[in-house]
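Inspection log for the structure reproduced underneath, given as structure tokens.
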Amino acid sequence: MKPEPIQHVIIAGGGTAGWMTAAALSKAFAGSPMKITLVESDEIGTIGVGEATIPAIHFFNTMLGIDQAEFMRTCQATFKLGIEFVDWGDIGRRYIHPFTTYGRDLNNVFFHELWLKYAGMKAAAGEVSTLDDYNLCCVAARNNRFTHPVGGERVPVGAIKYAFHFDASLYARFLRTYSEKRDVTRLEGKIRDVRSEAETGFLQALVLEDGQTIEGDLFIDCTGQRALLIEQSLKSGFVAWRHWLPCDRAVAVPCANAAPAAPYTRSTADTAGWRWRIPLQHRVGNGYVFSSAFIDDEAAERRLLESLDGEPLAAPRRIPFVTGRRKAFWIKNCVAIGLASGFLEPLESTSIHLIQTGVLKLLALFPDKGFEAADIAAYNRHTEAEYERLRDFLILHYKVTQRDDTLFWRYCQAMEVPDSVNEAIELFAARGRMLVTADHLFTGASWMSVMTGQGLTPRGYNSLVDTIPNAELEAHMRSVRDYIAQTTQAMPFHHDYVARFCRETQHAD
């Protein structure tokens, strides 16, 4: 039987989630008779603090055919090589979680296993070996250097991998322009009611406050934490994770640049949560993610304001949230994208990524009017697994800490965590091993970065390392370290590179 195609897609809500969805659908269905309508209201604000990304954003922008320089100019973007974590393992300890791999393997032994023995050798001699010194992104970030990787270039250590910091509201506006050029219709208005078919429960139409009724076949819920369609109408239900991720509020404020923008995000652990710092071309984004069980809004706001590098550019915004996910992300003819599907704090810059993967899964399983149950089940199964893998990685940051200076950190040290997290910690603590499967967004190198950076030292190392003579190991580590240091010194400063890249490509246009 020939399937009956979807004729009208209605996206409820704008912001980053709504316009990323609209842009992707308008690109994928270019030339199709399918209509796409996005309904949003300027009176309803968006959270818009998701300003840091991970390298997967390249795939999305490339899929849309977006010119990188135009995107960076329009969205006031800077480059990002990773996240610096300050005071997480203990006060005074800092490390960078980078986007590229560490060092270079030797004789079929993984580099991190080489480093574990080498670090022990150095410690016995009264010296310190830092894992960050063997990662190109870490060293470049610490020195405020950046350059684009050269296509096809073979390098003896992990090549530069990068993402972006950008103004999320400008990105949404950029994608709105992109989408409207491709025949997406935007309707201004608040949704007053959601109509469903009496017999099937399928969504039928949105009713706006001005009385206008918009009927559709497929509805995308991008209404943020309100989850107007997936929760308020279809009663998905919610799985909360506050017992593992205790933060439930944030306060955010932009400030003026007091120094050239650095090519990394900073996350600083505080008394009852953590503070972010995201440098853009025109300002710095700042926020404090905290647990209301350990600090009140006023104290958190004061703490954030006193930590700013420059003058605040707006009044602080308070953002309550509940960490967790919907029990179902796709119900009948409705799919939730973005914060309507769930919330994970932006500790590892995954908010925009979850929008992206939601949209890409929807394209891969795009329905016809038959709405096959197998497609819906597959979408829900894969999205649930993705949320839980990311949840585990975030929990790791709170659990692996030596901090006991506040009630918040003592709670995090003592809290029970999922078996999947405990097993990963115990495996690494024994011999520095990791078994992270290929379907994880964050690889073994990422887990190692956090566990090592926060002070978890394995009791031993892989005995295969002992087959390599100490002199050969010493020479190998030195060659890796020297190559990274020399490569970094040849890079331009990040702020100079951003200015030149945006200026020269604009003139080329």
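The values are calculated or read from the model by the stated rules, or taken from the named source; none is laboratory data. All values derive from a computational prediction rather than experimental measurement. Using ideal geometry, Cβ is built from the backbone for each residue, glycine included, and neighbour counts are taken over all protein chains shown. Ligands, DNA and RNA are stripped out before the accessible areas are found, and what is left, the full protein with its side chains, is counted by its heavy atoms. Shrake-Rupley method; radii C 1.70, N 1.55, O 1.52, S 1.80 Å.
So, by mean Cβ neighbours within 10 angstrom, what's the order for 486-499, 278-291 with the highest one leading?
By packing density, highest mean first, the sequence is 278-291, 486-499.
Given 471, 452, 486, which one lies farthest toward the positive end of the charge dipole of segment 430-509, if we put +1 on the Cβ of every Lys and Arg and -1 on the Cβ of every Asp and Glu?
It is 452.
Around residue 273, which amide H atoms from residues at least 5 apart in sequence, or from another chain, sit under 5 Å from its own amide H, with H modelled in the peptide plane?
none
Projected onto the charge dipole of the chain (+1 at Lys/Arg Cβ, -1 at Asp/Glu Cβ, origin at the Cα centre), which of 357, 322, 164 gives the Cα projection farthest towards the positive end?
It is 164, whose Cα lies furthest towards the positive end.
Taking the mean number of other Cβ atoms within 10 Å as a proxy for protection, how do you rank 311-321, 377-387 from highest to lowest?
Details: 311-321: 13.1, 377-387: 17.4.
Descending mean neighbour count gives 377-387, 311-321.
Just name one of 54, 89, 31: the one whose Cα is farthest towards the positive end of the charge dipole of segment 24-97 (beta-carbon charges, Lys/Arg +1, Asp/Glu -1).
Checked the options; the winner is 31.
Can you tell me the accessible area per residue over segment 458-504, all protein chains present, probe 1.4 angstrom, in square angstrom? Spell out each step's value before the answer.
Values: 2570 Å² over 47 residues.
Ligands and nucleic acids excluded, the figure is 55 Å² per residue.
Can you give the Kirkwood hydrodynamic radius of segment 268-326 from its Cα pairs, in Å with one decimal? Walk me through the intermediate numbers first.
Numbers: mean 1/r = 0.0797 Å⁻¹.
Computed over Cα pairs of segment 268-326, the Kirkwood hydrodynamic radius comes out at 12.5 Å.
Residue-wise, which Karplus ³J(HN,Hα) couplings in Hz belong to segment 230-238, taking 6.51 cos²θ - 1.76 cosθ + 1.60, θ = phi - 60°, and x for glycine or proline?
My calculation for segment 230-238 gives 5, 9, 5, 9, 9, 6, 4, x, 9 Hz in order.
Calculate the dipole size of segment 236-287 relative to its Cα centre from +1 charges on Lys and Arg beta carbons and -1 charges on Asp and Glu beta carbons; express the result in debye to the nearest 20. Provide the component values of the computation, followed by the final result.
Details: 6 positive and 2 negative charges, 15 e Å.
The calculated dipole for segment 236-287 is roughly 80 debye.
Counting other Cβ atoms within 10 Å, keep those with at most 15, restrict to DSSP loop, and tell me which trypsin sites (Lys or Arg not before Pro) in segment 405-485 are left. The partial results should precede the final answer.
Details: sites: 410, 431, 433, 459, 478, 481; in loops: 433, 459.
Those satisfying the criteria are 459.
What net charge do the residues around residue 239 carry, taking every other residue with its C-beta under 13 Å from that of residue 239, with Lys and Arg at +1 and Asp and Glu at -1? Don't skip to the end; give the middle numbers.
Values: positive: 242, 325, 326, 327, 391; negative: 231, 384, 388.
So the environment of residue 239 carries a net charge of +2.
Over all directions, what mean area does the Cα convex hull of segment 57-187 project, stated in square nanometres?
Value for segment 57-187: 11.9 nm².
Roughly how many Å is it from the Cα centre of segment 314-379 to that of segment 197-254, as a whole number?
Spelled out, the Cα-based centre of one part sits 10 Å from the other.
Using alpha carbons only, what's the Rg to Rh ratio of segment 1-95 with Rh from Kirkwood?
Here the Rg-to-Rh quotient is 1.12.
Dividing the alpha-carbon Rg of segment 115-253 by 2.2 N^0.38 Å yields what?
Values: Rg = 25.7 Å, N = 139, 2.2 N^0.38 = 14.3 Å.
For segment 115-253, the normalised Cα radius of gyration comes out at 1.79.
If packing is taken as the average number of other Cβ atoms within 10 Å across a peptide's residues, how do 350-361, 180-191 rank, most packed first? Could you put the intermediate results ahead of the total?
Working: 350-361: 23.1, 180-191: 15.6.
Listed from highest to lowest mean packing, they are 350-361, 180-191.
Which value, in debye to the nearest 20, describes the size of the charge dipole of the chain about its Cα centre when Lys and Arg Cβ atoms bear +1, Asp and Glu Cβ atoms bear -1, and nothing else is charged?
480 debye
Between residue 430 and residue 410, what FRET efficiency follows from the Cβ-Cβ distance if R0 is 25 Å, with the result rounded to 0.05? All intermediate terms of the calculation are to be shown ahead of the outcome.
Working: r = 25 Å, r/R0 = 1.02.
The formula returns an efficiency of 0.45 here.
Can you list the residues, at least 5 places off or on another chain, whose amide H is less than 5 Å from the amide H of residue 327, using H built in the peptide plane?
Close amide H contacts, sequence-distant or interchain: 237, 238, 239.
Over the residues of segment 354-428, compute the C-alpha Rg and express it relative to 2.2 N^0.38 Å.
For segment 354-428, the normalised Cα radius of gyration is 1.59.
Using a probe of 1.4 angstrom, how much of the accessible area of the chain is carbon and sulfur, in percent?
Using a 1.4 Å probe with all protein chains present, the chain comes out at 50 percent carbon and sulfur.
For residue 29, tell me the accessible area in Å² from a 1.4 Å probe, rounded to the nearest 10.
Only protein atoms counted, so the area is about 60 Å².
Starting at the first residue of segment 205-212, write each ³J(HN,Hα) from the Karplus equation 6.51 cos²θ - 1.76 cosθ + 1.60 with θ = phi - 60°, in whole Hz, x for Gly and Pro.
Going residue by residue, I get 6, 9, 10, 8, 4, 7, x, 5 Hz, with x marking Gly and Pro.
Which value, in debye to the nearest 20, describes the size of the charge dipole of segment 245-344 about its Cα centre when Lys and Arg Cβ atoms bear +1, Asp and Glu Cβ atoms bear -1, and nothing else is charged? Intermediate values should be presented prior to the final figure.
Numbers: 13 positive and 9 negative charges, 122 e Å.
Dipole size: approximately 580 debye.
Starting from the Cα coordinates of segment 420-509, work out the convex hull volume and express it per residue in Å³.
That works out to 185 Å³ per residue.
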